[in-house]
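J.: Got a structure for you, written out below as structure tokens; questions coming shortly.
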Protein chains: 2
Amino acid sequence: MPRRIKIAAPATVANLVCGFDILGLALEDPVDIMELEIGGAPGLRIRHIDDYGLPLEPERNVAGAALLALMEELPEIPGFTLTVDKRIKPGSGLGSSAASSAGAVVAANILLGKPFSGPDLVRFAMNGEKVASGVKHADNITPCIYGGVTLIRAIHPLDIVQLEAPPLHVTVVHPQIEVRTSDARQILRKEVQLKQAIRQWGNIAGLVAGFMKGDYDLIGRSLEDVIIEPVRSILIPGFNDVKQQCMEAGALGGGISGSGPSIFMLNRDEEKAHLMADIMRDVYSRIGIDHRIHVTRVNTEGVRILEQD
Amino acid sequence: MPRRIKIAAPATVANLVCGFDILGLALEDPVDIMELEIGGAPGLRIRHIDDYGLPLEPERNVAGAALLALMEELPEIPGFTLTVDKRIKPGSGLGSSAASSAGAVVAANILLGKPFSGPDLVRFAMNGEKVASGVKHADNITPCIYGGVTLIRAIHPLDIVQLEAPPLHVTVVHPQIEVRTSDARQILRKEVQLKQAIRQWGNIAGLVAGFMKGDYDLIGRSLEDVIIEPVRSILIPGFNDVKQQCMEAGALGGGISGSGPSIFMLNRDEEKAHLMADIMRDVYSRIGIDHRIHVTRVNTEGVRILEQD
């Protein structure tokens, strides 16, 4: 078994427009780079080589909390040294905390000889999400660990379903404004009209069928959110312009990534994905908001091993 | 082109537990038998050879209303003579009106040389549903016309998706009590908790994925309805006993067919389907309610041609 491993943990897009709290997909770019070494004194040591000033105490660090949950289920506590190079900006809505949590437990599982299953790893990593946002949600962690498009059918007990999907080119813009996950959750109404719920679940069913059939048109028609987006998009300046212009330019569809502020668009080909990037750049340059753009694809393997020895 | 056609229009199960208003499947049994002849004086003549005493004026007859909608889009009005042998009991929750409406327009389309598409036929047949229940719903008509398991992603504009599914054995019991579709709709709350809606759409996504993957266990886990069934099942005596005993005996899952009162159970094999029939018979015999039971399979072809000349 390797004593040291270096992995890349992918950014993820949760919700996928109509699939609030249940759907997500993994991206090729950006990724967090993490190195985990086993050995030395029992316990967990964390080092960050990025500039985000994140807490280093294991209990307060998202990767640390996830690893501690995993270590609790081991017969004896090993020594771990974790080095994190965070490249997915925290607060982007691209699953930054999930990448750290998921990457850490996937790495540890490999160093330990894979005693844990995928659902076990999701369960451990959810402890990192709790540190980050106060809620043990799994909709970023699951695609980060499994890759591709994932469905969380139910959370108690955890029921994860991997969905086949055709190749997709994804454009993501992260406007550099702050939207707190807790705020994005609080502004949602606790009740929804049955009529709207029916329209939403028609779209969810269509999106799942579209992915599995590889039917791009059906995917596009199903990427409609009548419940969450109309409320949350208010928190994201430029959202309506980006979305309208991208749809007019031929994006399959898209919307808010997770709880925002990032916005993503799915495309059939790379050329279109670059066109969406131009549109996003124009919109945010015009309204004077700093932004990062990623033109990427769906990551189909989840956390990737870069080196091990 | 044939001048006369005899068809079998299948009963259907709408909603499929968690897919309220969007999912449905067609059954091999029971079916309505209908004969349509083209020729004679322009206009529509209807005859019923069953004992249900249904109205014969085309505007008030469900098959008639559907055929009239089709005839309106023809360049010149032909003469049609329709003979209906209704075998799906009206008010059963098994799509009796949908079978008449759908069967009539599919038959007419064949006699006319198939000028109309599937979605056209659904649109025409919805006029029959309006006569039957006051609402132009498509969740029985669509599986009746297309066969198999169908999704109505959206109704405006109509977006129909056929879903692959593994072989399924279906047991249906029709307790002979009256539940009006309008009552079954009125007792539903107009608003649902977001939390419950999320659980419901997780199940819908799981059910669609389960059908398409041919994953019986996933189908079973996803057949859960936290929104409609808890309310509507109150109108159906014996429902809880039937459901609980069938689940304990190994049914994949099941629930109310359409708006009831029929109850259906999906099974992996025929033996189980007969076991569910025994359970249903016992429950309704014990509480003294007359009932009809069907042990059948999913019809995968929709309306079936029996004879044409």
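The values are calculated or read from the model by the stated rules, or taken from the named source; none is laboratory data. Predicted, not measured: the structure shown is a model, and the values here were computed from it. Don't worry about glycine lacking a Cβ; one is built from the backbone with ideal geometry, like all the others, and counts go over all protein chains shown.
J.: Could you tell me which numbered condition B:Gly253 fails, if it satisfies all but one of (1) more than 9 Å from chain A (Cβ to nearest Cβ); (2) at negative phi; (3) in contact (Cβ under 8 Å) with a residue 60 or more places away in the chain?
T.: (2)
J.: Report yes if A:Lys213 is closer than 30 Å to A:Lys136 by Cα and surrounded by fewer than 21 Cβ atoms within 10 Å (Cβ to Cβ), otherwise no.
T.: No: the conditions fail for A:Lys213.
J.: A follow-up question, please. Taking the criterion of being surrounded by fewer than 24 Cβ atoms within 10 Å (Cβ to Cβ), at positive phi, assigned to a loop (DSSP other than H, G, I, E, B) and out of contact with any Leu (no Cβ under 9 Å at 6 or more places or on another chain), would at least one residue in the range A:40-52 satisfy it?
T.: Scanning the range A:40-52 turns up at least one residue that is surrounded by fewer than 24 Cβ atoms within 10 Å (Cβ to Cβ), at positive phi, assigned to a loop (DSSP other than H, G, I, E, B) and out of contact with any Leu (no Cβ under 9 Å at 6 or more places or on another chain).
J.: To continue, here is another question. Within the range A:53-79, count every residue that is surrounded by 15 or more Cβ atoms within 10 Å (Cβ to Cβ) and under 22 Å from the mean Cα position of the chain (by Cα).
T.: 12
J.: Look at B:Glu57 and say whether it is among the acidic types (Asp, Glu) and either in contact with a Phe, Trp or Tyr (Cβ under 9 Å, 6 or more places away or on another chain) or within 20 Å of B:Gly113 (Cβ to Cβ) (or both).
T.: Considered against the rule, which asks whether it is among the acidic types (Asp, Glu) and either in contact with a Phe, Trp or Tyr (Cβ under 9 Å, 6 or more places away or on another chain) or within 20 Å of B:Gly113 (Cβ to Cβ) (or both), B:Glu57 comes out as no.
J.: If you don't mind, another one. Counting just the residues of the range B:1-23 that are assigned to a strand (DSSP E or B) and touching a Gly at 6+ places or on another chain (Cβ under 8 Å), which one comes out surrounded by the most Cβ atoms within 10 Å (Cβ to Cβ)?
T.: Top of the filtered list is B:Ala9.
J.: Determine which single condition B:Val226 fails, assuming it passes every other condition in (1) surrounded by 20 or more Cβ atoms within 10 Å (Cβ to Cβ); (2) at pLDDT 95 or above.
T.: (1) is the only condition that B:Val226 fails.
J.: Restricting to the range B:226-245, count the residues that are free of Cβ contacts under 8 Å to residues at least 60 places away in the same chain and either outside the structural domain of B:Asp215 (by TED's automatic domain parsing) or within 18 Å of B:Ile289 (Cβ to Cβ) (or both).
T.: 10
J.: Of everything in the range B:191-210, what is at the interface with chain A (Cβ under 7 Å from one of its Cβ atoms) and either small (Gly, Ala, Ser) or in a loop (DSSP other than H, G, I, E, B) (or both)? Give them in sequence order.
T.: B:Ala197, B:Gly202, B:Ala205, B:Gly206, B:Ala209
J.: Name the residues in the range A:271-299 that are under 14 Å from A:Gln244 (Cβ atoms) and in contact with a Gly (Cβ under 6 Å, 6 or more places away or on another chain), would you?
T.: The one that is under 14 Å from A:Gln244 (Cβ atoms) and in contact with a Gly (Cβ under 6 Å, 6 or more places away or on another chain): A:Val283.
J.: Would you be able to say whether some residue in the range A:168-190 is within 11 Å of chain B (Cβ to nearest Cβ) and touching a Ser or Thr at 6+ places or on another chain (Cβ under 9 Å)?
T.: yes
J.: How about the range B:211-244: which of its residues are in a helix (DSSP H, G or I) and facing another protein chain (nearest Cβ under 8 Å)?
T.: B:Met212, B:Lys213, B:Leu218, B:Arg221, B:Ser222, listed by residue number.
J.: Of everything in the range A:252-309, what is over 21 Å from the mean Cα position of the chain (by Cα) and not in a helix (DSSP H, G or I)? Give them in sequence order.
T.: Selection gives A:Asp269, A:Ile287, A:Gly288, A:Ile289, A:Asp290, A:Glu307, A:Gln308, A:Asp309.
J.: Then there's this: Taking the residues in the range B:158-167 that are touching a residue at least 40 places away in the same chain (Cβ under 8 Å) and within 11 Å of chain A (Cβ to nearest Cβ) as candidates, determine which candidate is surrounded by the fewest Cβ atoms within 10 Å (Cβ to Cβ).
T.: B:Glu164
J.: Just to be sure before I move on: is A:Ala8 within 14 Å of chain B (Cβ to nearest Cβ) and under 19 Å from A:Val298 (Cα atoms) in the structure I sent?
T.: When the stated conditions are applied, A:Ala8 does not pass them.
J.: Is it true that A:Ser92 is in contact (Cβ under 8 Å) with a residue 40 or more places away in the chain and either closer than 26 Å to A:Ala165 by Cβ or surrounded by fewer than 21 Cβ atoms within 10 Å (Cβ to Cβ) (or both)?
T.: yes
J.: Now a separate question. Of the residues in the range A:95-123, how many are under 18 Å from A:Leu23 (Cα atoms) and part of a loop (DSSP other than H, G, I, E, B)?
T.: Number of matching residues: 1.
J.: Another question, then. With the condition kept exactly as written, say whether any residue in the range A:116-129 is within 14 Å of chain B (Cβ to nearest Cβ) and under 24 Å from A:Leu54 (Cα atoms).
T.: no
J.: Something else now. Which numbered condition trips up B:Ser92, out of (1) hydroxyl-bearing (Ser, Thr, Tyr); (2) outside any strand (DSSP E or B); (3) closer than 24 Å to B:Pro2 by Cβ?
T.: (3)
J.: Here's another thing I want to ask about it. Counting only residues that are among the hydrophobic types (A, V, I, L, M, F, W, C), out of contact with any helix residue (DSSP H, G or I) (no Cβ under 6 Å at 6 or more places or on another chain) and either outside the structural domain of B:Ala11 (by TED's automatic domain parsing) or not in a loop (DSSP other than H, G, I, E, B) (or both), how many does the range B:65-81 have?
T.: 3
J.: So which of A:Gly220, A:Gly214 is more than 25 Å from A:Thr181 (Cβ to Cβ), in contact with a Leu (Cβ under 6 Å, 6 or more places away or on another chain) and free of Cβ contacts under 8 Å to residues at least 60 places away in the same chain?
T.: After ruling out the rest, the residue left standing is A:Gly220.
J.: Separate question: Quick one: which of B:Ile160, B:Ile204, B:Ile177, B:Ile227 is more than 14 Å from B:Asp21 (Cα to Cα) and of a type in the set (A, V, I, L, M)?
T.: B:Ile177
J.: Pick from the range A:22-33 the residues that are of a type outside the set (A, V, I, L, M, F, W, C) and closer than 13 Å to A:Gly93 by Cα: which of them is nearest to the other protein chains (Cβ to nearest Cβ)?
T.: Applying the filter and picking the extreme gives A:Gly24.
J.: Follow-up question, since we're still on this one. Please find, within the range B:140-157, the residue that is surrounded by the fewest Cβ atoms within 10 Å (Cβ to Cβ) out of those that are within 11 Å of another protein chain (Cβ to nearest Cβ) and within 18 Å of A:Lys213 (Cβ to Cβ).
T.: Selected residue: B:Ala154.
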